[in-house]
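Q: A single structure is presented below for examination.
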Amino acid sequence: MELMFSVALGILTSCGVFLILRARTFSVVLGLTLLSHAVNLFLFSMGRLTSGAPAIVGLTPTSADPLPQALVLTAIVISFAMTAFVVVLSLKAAVELRSDHVDGENPNEDRP
Amino acid sequence: MVPGLIILLPVLGALASWLLSRNAPDAGIRIHTALAALAPLTGFLLLAVYWPNVTTNDPMVTTVQWIPQLGLDLSFRLDGLSWLFATLITGIGCLIILYARYYFDGKASAPRFFILIQLFMTAMLGIVLSENLLFMLVFWELTSLMSFLLIGFNWSSRGARRGARMSLVITGGGGLALLAGILLLGNMAGSFQLSDILAQGETLHNHSLYPLMLSLVLLGAFTKSAQAPFHLWLPHAMAAPTPVSAYLHSATMVKAGLFLMARLHPALGDTELWFGLITVTGMVTLMVGAFVAMFMHDIKGLLAYSTISHLGLITMLIGMGSEMAMAAALFHLVCHALFKAPLFMMAGYVDQATGSRDMQLINGLWRWMPALMIVTVIPAAAMAGLPLMSGYLSKKMLFSESLLVTAPPWADVVIPMWVTVAGLFSVAYSVRIFHNIFLNGLPRDLPVWPLKKKPIYALIPLAILASLSLAVGLMPQAIYDHLVHIAVLAATPSHLPLYDFSALAEAHTPAMMSLLAMLAGLAVYTARKPLFAIHARLPEVDAKDIFETLMQRTIRFSQTLVYQLENGSLQRYLALILMTTVALVAWNLTGLEQWQGPVPLSALDPLVVFGVSILCLSAIGVVLFHRYRLPALLLLSVTGLFVTLIFAWFSAPDLALTQLSVEVMAVVIMMLALSFLPQTSPRESRLPRVLRDLFVAVVAGSGVATFTYAVLTRPANSISDFFMANSVPGGGGTNVVNVILVDFRGFDTLGEITVLGIAAVAVFAFTQKLNLKQRVAESGHSHWVAEPHPVFLQMVAHMALPIALLVSAYIFLRGHNMPGGGFIAGLVTAVALTLQYMAGGLVWAHERMRTQFRSLIGAGLLIALLTGMASWVFGYPFLTTTFAHMDWPLIGEFELASALLFDLGVYTTVVGATLLILANLGKLMTIAGPGKEIG
């Protein structure tokens, strides 16, 4: 289980990193969302993977680690707010610079 | 606090001078002079009053704590050594200001000079009166800065600018070395207070870092005191007005390095390294300075090199390390200040009178300036070291000390010969400066003729200094006993008897060496013409040119580097940052001996394998389809959904609920944005770029995977047991995640909802003036569906709203004990309301929405904050929660925690922020749109 989880995290991260390196703002937004999924899962997994034992007192004999969960919960909400902000930023850039390229211009080829 | 006051006085003086020049531009130079002289004069008198305290050899230390954590205190020290230097600084400072009164007569720049020179004085006094070395360092840098401004005083001249820059680079660079040295020293001694450091000589000597620390400290001292090969800045600093040169480059700034060496001598001195570094540097400087000075035709240039040579001499004596050598060093330092300052003043006087400083033109001035000649005789003779003069005594002290050095085998022969030869040159140039200017025939082709003479009063400061110089020569014993000896005591580790000048007078060999140097010097001067001719044929190396070339090259190099790194492409920056991060982490991971830890892997569940596979496939799908944006977005939402399922599977119901509702909102927002953006991305990355990015991505991903795997297979060691144990007794709730959010880490949560609110308001602000209508028209797909608000959806949405609100209330109320809480309830409410917007349209929904979203955010934050503050009323720390169990009729036992109120704040903020973001993005959609603002 742990091995598969780690590999999945690696794939999520790779996809996110590849996308944030693209030249158009929408791809970067997609990449950021994937990366934040990866980061949230990573933080969450630091409390180890336990199934069927939510962190509620008295429900099960053992329970999952509540601390990473609490941290990730707020992280999810904040990364939502940040995604919204980046989206608006990219809209603003698209309007003002008349291009959705991350550098605000429409180069026909990659920069060196 | 007297030392502090002495340091502060010139600052106040500078302020007063500035105010005077601002408010009374017509004020005469006399008023300016009087005002400027007030501070150093008061300081001088204060020092005189405190002289008896200093003679007890018990340093006065006053400390005011400033940043004790850094070991940085405002602390001052007044002992013999600092007293001597401070007296020279204030005393000569007064005379310089008096001299400047005539030098700057009728010039508009006079007030600027008075302000700068007083600020410089502060910096200088700060160096000598500081007890804390870090504090001293601040003043040290300040002298570099102020001298930059003073050397570049005539900033319209290219020479002045370049000279100023050169001095700043060299002394500033030395200052950096000194900073490193002092930090090392402080760490080694465990304190930056001089009293502590001076008491630890033995510990410091035996420390393994002693050589490095000493070299760094000395680098600072050598650059400041113009020791070879760092002496080059001093001649170029002669572009400064003469009062500046007379003050900075004879009596004060260049002595700061000497002061530092003398100051630290008890702690760092008397080692072979100390002797080797300092004495040899001093010897080289002494010879270079004296030799070059002889061939200088510029009066100030000659004086500059002569100063270099004398600084070398003093440095050499300090390096010898014996008490007697230190006595000779400090005695000569006083003598030098007293004869070099008037000689500089004379140079300025001649410069202004004749319009030239070239000694090939200036000759035989005795006819026109007899008074100047008379006051110059004494300092010039002192510099030459003629009998009965102060310089004679100090030079003789040097000779006799040089005979005593025997430690390295070469020293007992080389050093006496070396100093005799240097003495010879110094006699030659001293004779030259006097004979050439005042005698030696008639002046030739002077730019100013007839000579512009200043009033006779202009000679007063020269006369005072000359008579002081004379007094030292006539009564050396008294001057030494009362003024210099206390400084020597402070600069040497042991007590020594007073220097016996009568014994010196009877010493035979030093007298012979003196005589020899004098005769040979005269001979060299007599033979000057052929010597000059030979010197003129030597290849000329202009230090300034070399320096400039080096500077330009450095600047060009850094420019190229900067342009290569910063080419304006965000893609490249991001790639560089990622690669650096990957490299740094990889480097640390290599230390890991084995990746797999001892914890056995848990069994695979087919359901999980299926879910995780879909997660991975959808993520890869997002990448593959990222150029076709709508499919990519749909695949992204699949990813989000499966992340939610993973949370649910691995015992995190709260997270699953949060992720699910956030996912809905995020996809809606991205859909909205997508309608204004191109539907596809052009294919613009070339293959090498794609491969590079792929490489970075795969390496980063493997790193994360490896790291996660390494952690997951190692035993967990969490602090969560505390939360589990205390959740019910301390927080009154069984859902530990929620109790952590609203109670244990309530302060974090408060910060986080604040961030959420700020982000929402920022989105609101951004969309206010965003005009997307044109863009929608351009993209040519104004609506994706024929019917924007289908009736079916409207009906369902209307029915769902009350149920959704009820569910969110339920989730909110049970959150403390079961999965749920303010965050999730807020998101559920927001999703329900968003559905109304989508179904009924913005205008329809907004007309029914009675609340302003921004006030909702504010109200939520306020509730949370006030709940936290309420615990103050009961005398508890911020955000302490309390709870009680109540028995309500019909409902049963109900638990009421103050955390619930805090959670209400969270709920309100989340609802307000989410809807503010959505409504404003949605507003952009409607082409006709409501004119009024939403939110």
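The values are calculated or read from the model by the stated rules, or taken from the named source; none is laboratory data. Everything numeric in this text was worked out from a predicted model, so none of it was measured. Cβ placement follows ideal geometry from the backbone for every residue including glycine, while neighbour counts extend to all protein chains displayed.
Q: If we only count helices (runs of 4 or more DSSP H) wholly inside segment B:223-308, which ones have 1 or more residues that are β-branched (Val, Ile, Thr) and either farther than 20 Å from residue B:179 by Cα or at pLDDT 95 or above (or both)? Spell out the reasoning first.
A: Details: elements: B:233-236, B:242-246, B:253-268, B:280-294.
Where helices (runs of 4 or more DSSP H) fall fully within segment B:223-308 and carry at least 1 residues being β-branched (Val, Ile, Thr) and either farther than 20 Å from residue B:179 by Cα or at pLDDT 95 or above (or both), they are B:242-246, B:280-294.
Q: Continuing with the same structure: Inside segment B:760-774, can you point out the residues that are closer than 22 Å to residue B:866 by Cα and at the interface with chain A (Cβ under 9 Å from one of its Cβ atoms)? Working first, answer last.
A: Filtering segment B:760-774 down to residues closer than 22 Å to residue B:866 by Cα leaves B:760-761.
Of everything in segment B:760-774, just one residue is closer than 22 Å to residue B:866 by Cα and at the interface with chain A (Cβ under 9 Å from one of its Cβ atoms), namely B:760.
Q: Which residues, taken from segment B:658-684, are under 48 Å from the mean Cα position of the chain (by Cα), more than 9 Å from chain A (Cβ to nearest Cβ) and part of a loop (DSSP other than H, G, I, E, B)?
A: If the condition is that a residue be under 48 Å from the mean Cα position of the chain (by Cα), more than 9 Å from chain A (Cβ to nearest Cβ) and part of a loop (DSSP other than H, G, I, E, B), then B:683 is the only one that fits.
Q: Could you grab me the full set of residues in segment B:699-750 that are among the polar types (S, T, N, Q) and facing chain A (nearest Cβ under 9 Å)? So that I can check it myself, show each step before the final result.
A: We begin by selecting, within segment B:699-750, every residue among the polar types (S, T, N, Q); these are B:702, B:706, B:708, B:713, B:717-718, B:720, B:726-727, B:734-735, B:738, B:749.
B:702, B:706, B:708, B:713, B:718, B:720, B:727, B:734, B:735, B:738, B:749, listed by residue number.
Q: Could I ask something else about it? In segment A:78-87, what residues are crowded, with 20+ Cβ neighbours inside 10 Å, without any contact (Cβ under 8 Å) to a residue 12 or more places away in the chain and within 14 Å of residue A:30 (Cα to Cα)?
A: A:80, A:84 - these are the residues of segment A:78-87 that are crowded, with 20+ Cβ neighbours inside 10 Å, without any contact (Cβ under 8 Å) to a residue 12 or more places away in the chain and within 14 Å of residue A:30 (Cα to Cα).
Q: Any idea which of B:522, B:498, B:550 is more than 30 Å from residue A:6 (Cα to Cα) and not in a helix (DSSP H, G or I)? Walk me through how you get there before you give the answer.
A: Numbers: B:522 fails: not in a helix (DSSP H, G or I); B:550 fails: not in a helix (DSSP H, G or I).
It is B:498.
Q: Could you give me the residue pairs with C-beta distances under 8 Å whose first residue belongs to segment B:17-30 and is closer than 13 Å to residue B:106 by Cβ, whose second residue is surrounded by 10 or more Cβ atoms within 10 Å (Cβ to Cβ) and among the aliphatic types (A, V, I, L, M) wherever it lies, and which are 6+ apart or on separate chains?
A: Between residues of segment B:17-30 that are closer than 13 Å to residue B:106 by Cβ and residues that are surrounded by 10 or more Cβ atoms within 10 Å (Cβ to Cβ) and among the aliphatic types (A, V, I, L, M), the close pairs are B:29/B:110.
Q: Here is a follow-up. Spot the failing condition for residue B:548; the list is (1) free of Cβ contacts under 8 Å to residues at least 24 places away in the same chain; (2) farther than 30 Å from residue B:267 by Cα; (3) among the acidic types (Asp, Glu), and only one is missed.
A: Among (1) free of Cβ contacts under 8 Å to residues at least 24 places away in the same chain; (2) farther than 30 Å from residue B:267 by Cα; (3) among the acidic types (Asp, Glu), residue B:548 violates only (1).
Q: Could I ask something else about it? If residue B:691 satisfies every condition in (1) closer than 28 Å to residue B:654 by Cβ; (2) more than 9 Å from chain A (Cβ to nearest Cβ); (3) assigned to a helix (DSSP H, G or I) but one, which is the exception?
A: Just one mismatch for residue B:691, condition (1).
Q: If the requirement is being part of a helix (DSSP H, G or I), in contact with a Phe, Trp or Tyr (Cβ under 7 Å, 6 or more places away or on another chain) and modelled with pLDDT of 90 or more, which of these qualifies: A:41, A:19, A:9, A:32?
A: A:9
Q: Now a separate question. Out of all the residues in segment B:821-850, which are buried (at least 24 other Cβ atoms within 10 Å of the Cβ) and not in a helix (DSSP H, G or I)?
A: Within segment B:821-850, B:821 is the sole residue that qualifies.
Q: Additional query: What's the total number of residues in segment B:602-619 that are under 52 Å from the mean Cα position of the chain (by Cα) and at the interface with chain A (Cβ under 7 Å from one of its Cβ atoms)?
A: Taking segment B:602-619 and keeping what is under 52 Å from the mean Cα position of the chain (by Cα), we get B:612, B:615-619.
Narrowing further to those that are at the interface with chain A (Cβ under 7 Å from one of its Cβ atoms): B:612, B:615-616, B:619.
Going through segment B:602-619 one residue at a time, the tally reaches 4.
Q: Looking only at residues that are more than 7 Å from chain B (Cβ to nearest Cβ) and farther than 21 Å from residue B:702 by Cβ in segment A:29-60, which one is surrounded by the most Cβ atoms within 10 Å (Cβ to Cβ)?
A: Checking each candidate, the answer is A:60.
Q: Can you go through B:331, B:339 and tell me which one is under 40 Å from the mean Cα position of the chain (by Cα) and closer than 24 Å to residue B:453 by Cα? Before you say what the answer is, go through the steps one by one.
A: On the way: B:331 fails: closer than 24 Å to residue B:453 by Cα.
Criteria check complete, one pass: B:339.
Q: Could you go through segment B:440-460 and let me know if any residue there is of a type in the set (Gly, Ala, Ser) and surrounded by 12 or more Cβ atoms within 10 Å (Cβ to Cβ).
A: Of all residues in segment B:440-460, those of a type in the set (Gly, Ala, Ser) come to B:441, B:458.
Narrowing further to those that are surrounded by 12 or more Cβ atoms within 10 Å (Cβ to Cβ): B:458.
Yes, segment B:440-460 has at least one match.
Q: Further question: For residue A:26, indicate whether it is in a helix (DSSP H, G or I), surrounded by 24 or more Cβ atoms within 10 Å (Cβ to Cβ) and within 11 Å of the chain's Cα centre (by Cα). Break it down into steps so the answer makes sense when it comes.
A: Details: in a helix (DSSP H, G or I): yes; surrounded by 24 or more Cβ atoms within 10 Å (Cβ to Cβ): yes; within 11 Å of the chain's Cα centre (by Cα): no.
No: the conditions fail for residue A:26.
Q: Does segment B:239-253 hold any residues that are buried (at least 24 other Cβ atoms within 10 Å of the Cβ) and aliphatic (A, V, I, L, M), and which are they? If you could, list the steps in order and put the result at the bottom.
A: Just the residues of segment B:239-253 that are buried (at least 24 other Cβ atoms within 10 Å of the Cβ), to begin with: B:240, B:242-253.
Hits for segment B:239-253 are B:240, B:244, B:246, B:248, B:251, B:253.
Q: Among the residues of segment B:678-705, which ones are in contact with a helix residue (DSSP H, G or I) (Cβ under 7 Å, 6 or more places away or on another chain), within 30 Å of residue A:4 (Cβ to Cβ) and of a type in the set (Val, Ile, Thr)?
A: Of everything in segment B:678-705, those that are in contact with a helix residue (DSSP H, G or I) (Cβ under 7 Å, 6 or more places away or on another chain), within 30 Å of residue A:4 (Cβ to Cβ) and of a type in the set (Val, Ile, Thr) turn out to be B:696, B:698, B:699, B:704.
Q: Residue A:64 passes all but one of (1) farther than 30 Å from residue B:673 by Cβ; (2) modelled with pLDDT of 90 or more; (3) small (Gly, Ala, Ser); which number fails?
A: (2)
Q: Here's another thing I want to ask about it. Go through segment B:378-404 and give me each residue that's within 25 Å of residue B:455 (Cα to Cα) and in contact (Cβ under 8 Å) with a residue 60 or more places away in the chain.
A: B:378, B:379
Q: With B:156, B:144 as the choices, which residue is within 20 Å of residue B:240 (Cα to Cα), at pLDDT 90 or above and crowded, with 22+ Cβ neighbours inside 10 Å?
A: Details: B:156 fails: crowded, with 22+ Cβ neighbours inside 10 Å.
Criteria check complete, one pass: B:144.
Q: Let me ask something else about it. How about segment B:620-638: which of its residues are within 16 Å of residue B:671 (Cα to Cα) and either touching a Phe, Trp or Tyr at 6+ places or on another chain (Cβ under 8 Å) or at the interface with another protein chain (Cβ under 7 Å from one of its Cβ atoms) (or both)?
A: Result: B:622, B:626, B:629, B:631, B:632, B:635, B:636.
Q: While we're on this one: Given (1) buried (at least 23 other Cβ atoms within 10 Å of the Cβ); (2) farther than 18 Å from residue B:293 by Cβ; (3) under 42 Å from the mean Cα position of the chain (by Cα), identify the lone condition not met by residue B:352.
A: Checking residue B:352 against (1) buried (at least 23 other Cβ atoms within 10 Å of the Cβ); (2) farther than 18 Å from residue B:293 by Cβ; (3) under 42 Å from the mean Cα position of the chain (by Cα), the one that fails is (1).
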